[in-house]
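Some notes on the structure that comes next.
The values are calculated or read from the model by the stated rules, or taken from the named source; none is laboratory data. These figures come from a predicted structure and were not determined experimentally. No Cβ is skipped: glycine too gets one built from the backbone with ideal geometry, and neighbour counts run over all protein chains shown.
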Amino acid sequence: MLRGFIYTNMKANQQTIQQIERTLRKVAAKFPADSEPVMTDLHMQVIPYTGEIRTYDDDDEELDRCVIEQWIHGLASEEFYADAENIIRQCIKNMRSELYKMSILHPFSYVLVDEEHETLSDIYLMDDDQIMIDGELLAGLDEDLDRFLHKLLSEE
């Protein structure tokens with residue numbers, strides 16, 4: 001069962017979902033709930049040529065890596081990263097209660113990074129009261145605000 005996955009072009013098969021969830025569990029095991037909380041974000045690097053997902057902390061210490069067979073020899077395109085981000089985000093959402101218990105100070109983020117560890121996007125914000133708004137929801141917001149401001153200023 002694929003539990004409400006969002007797809008654009010790349011569809012995740014069951015094995016892909018299981019592999020991503022397994023790597024998320026391995027990372028979570030490194031931050032057991034009864035440990036002293038640390039301050040870090042989790043950086044997820046997706047390498048389309050090898051199909052790897054590598055997870056790092058803020059100090060670029062590798063926490064886990066796995067190979068998503070379905071993603072091997074993928075093209076390093078914006079669509080690939082956007083699709084991978086959506087699939088990873090849905091896995092995190094499905095495991096939220098399990099991942100929330102990690103001994104990482106809240107709020108913390110899952111961040112998608114490229115091969116140079118530059119941020120591509122924020123995948124998911126883990127916090128008590130806040131949620132991350134999907135970028136598609138905010139599409140066109142700048143233009144709307146500009147029009148509103150222009151209209152407001154022109155009425156003076």
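List of remarks:
- Arg54 under 19 Å from Ile17 (Cβ atoms) and either in a strand (DSSP E or B) or touching a Gly at 6+ places or on another chain (Cβ under 6 Å) (or both): yes
- Number of the condition not met by Ile47 [criteria: (1) touching a residue at least 40 places away in the same chain (Cβ under 8 Å); (2) exposed (fewer than 12 other Cβ atoms within 10 Å of the Cβ)]: (2)
- When residues in segment 84-102 are screened for being assigned to a loop (DSSP other than H, G, I, E, B) and either over 13 Å from the mean Cα position of the chain (by Cα) or at positive phi (or both), 2 of them pass.
- Of the residues making up segment 103-127, those that are part of a loop (DSSP other than H, G, I, E, B) and either of a type in the set (Asp, Glu) or touching a Pro at 6+ places or on another chain (Cβ under 8 Å) (or both) are Ser103, Leu105, Asp114, Glu115, Glu116, Glu118, Asp127.
- In the set Tyr49, Tyr81, only one residue is part of a helix (DSSP H, G or I) and hydroxyl-bearing (Ser, Thr, Tyr); that residue is Tyr81.
- Filter result (surrounded by 13 or more Cβ atoms within 10 Å (Cβ to Cβ), farther than 15 Å from Asp83 by Cα and among the small types (Gly, Ala, Ser)) within segment 6-44: Ala28
- The residue list Leu105, Leu63 contains one member that is surrounded by fewer than 20 Cβ atoms within 10 Å (Cβ to Cβ), more than 17 Å from the chain's Cα centre (by Cα) and aliphatic (A, V, I, L, M), which is Leu105.
- Residue that is surrounded by the most Cβ atoms within 10 Å (Cβ to Cβ), among those in segment 108-133 that are at pLDDT 90 or above and among the polar types (S, T, N, Q): Ser109
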